[in-house]
Amino acid sequence: VSTQSTGVSPMESDGFVLVKRQKKRKKHQSKAFFGTSDEHDEEIGRCAFDLKSLLNTVTLEDSTLCSFIKSFIDRHTIEDIVCYGIGPIGSCKTAQHQLAVLLNIRSDKSCTLSDPVLGVTERRVISDQGVEVLEQNDGCRRRAERRTLFYMIHCTKEMYDSVLAANSDNLQNCFIVGNSFQGYLTHNTDESLSKEVPYLFAVAELASEEPLPTYSGHPNVFNDTFLIHFATNIKSISLKT
C-alpha cells in the first residue's frame, strides 16, 4: 500500500511532478499524481499546465519526429487517429511524452483514445485536449471506416493482431505506428505466431515499414517504432494454413 504525501511533490526539469515508486506496486497502476478522484481540481489544473509545457518542448525539440509522422499522415490522406495502450499518463513519463507527440501530430484529425488503465482524472485531462476517450474497452477491435492511423506505441503483438482482425477485409484504411511486424517474424517461430497472432503473421511480410527518427533526449520513448502500411492492392488478409 502506498503512502501519499500531503505536501507539494518535487518537480523534475521537464515540469512534471516527480512521483516516487513504491514497492510491490503493479505495473500501470495509477499513482498519487492525480489523487483518488476527479474532485481534485487543483491537481487537474497542474497536470494540464505541465502537459502544455511538454507540448511546447516537443514542438521545439522534436520537430523532426513530429514532422515525419505528419508527413506520413498527409501523404496517405489519413482522416482519423485511434490510440491504444498509451499507459498511465499520471505516473509514467514515457506515456506523457507519447501523449504529447500524439496531440502534436493530430492537427485537425478526429482522435479517439482507449486504455483501461487510465483513471477518471487521467481520462478527463486527455478529453480536455479535445480527444475522445472511450469509456468501454473495445479490445483493439475498432473498424477503420475511413483511412485511420492506429497510434500503438510498444503495444503487445496480440493488440496489433486484434486491429488487423477487425480490419481483415479493410487493410486499405489501416495505418499503424508501432512495433515492427517483420521483427516479430525474426524473433518468434512461425508456429507460435500462427497460433497466437494469425492475422499479424499473415500480413507481416507484406507490410511496408518506415522507422521513426530518434526522439531527442528520450530515445526509449519511441525506440524500435515504425510507421506501417500496406500496398493499395492488398485489401484483405488471407490466413496462412
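The values are calculated or read from the model by the stated rules, or taken from the named source; none is laboratory data. Only a predicted model underlies this, so the values are computations on that prediction, with no experimental measurement involved. Neighbour counts are summed over all protein chains in view; Cβ atoms, including those assigned to glycine, are modelled from backbone coordinates with ideal geometry. Accessible surface areas use protein heavy atoms only, side chains included; no ligands, DNA or RNA. Shrake-Rupley method; radii C 1.70, N 1.55, O 1.52, S 1.80 Å.
Points to keep in mind about this one:
- Selected residue (criterion: nearest to His97 (Cα to Cα)) from residues of segment 155-173 that are open to solvent by 30 Å² or more (accessible area, probe 1.4 Å) and out of contact with any helix residue (DSSP H, G or I) (no Cβ under 8 Å at 6 or more places or on another chain): Thr156
- Restricting segment 117-153 to residues that are over 23 Å from Arg75 (Cα atoms), of a type in the set (Lys, Arg) and in contact (Cβ under 8 Å) with a residue 24 or more places away in the chain leaves a set whose member that is surrounded by the fewest Cβ atoms within 10 Å (Cβ to Cβ) is Arg141.
- Residues in segment 66-103 that are open to solvent by less than 30 Å² (accessible area, probe 1.4 Å) and polar (S, T, N, Q) were compared, and the one that is farthest from the chain's Cα centre (by Cα) is Ser91.
- Pair list, Cβ under 9 Å, 6 or more apart: segment 227-241 residue farther than 26 Å from Leu212 by Cβ, other residue outside any loop (DSSP other than H, G, I, E, B) and charged (D, E, K, R): Lys240/Asp190
- Residue in segment 201-215 that is without any contact (Cβ under 8 Å) to a residue 40 or more places away in the chain and polar (S, T, N, Q) present: yes
- Where a residue in segment 187-200 is free of Cβ contacts under 8 Å to residues at least 60 places away in the same chain and its partner, wherever it lies, is small (Gly, Ala, Ser), with Cβ under 7 Å and at least six apart: Tyr199/Ala165; Tyr199/Ser168
- Taking the criterion of being surrounded by fewer than 19 Cβ atoms within 10 Å (Cβ to Cβ), closer than 27 Å to Leu102 by Cβ and of a type in the set (A, V, I, L, M), the residues of segment 208-241 that qualify are Ala231, Ile234.
- Residue under evaluation Ile126, criteria (1) at pLDDT below 95; (2) assigned to a loop (DSSP other than H, G, I, E, B); (3) not basic (Lys, Arg), criterion not met: (2)
- Output for segment 67-93, where each listed residue is modelled with pLDDT under 90 and in a helix (DSSP H, G or I): Lys93
- Residue, nearest to Arg147 (Cα to Cα), within segment 184-207, restricted to residues that are open to solvent by less than 30 Å² (accessible area, probe 1.4 Å) and among the β-branched types (Val, Ile, Thr): Val203
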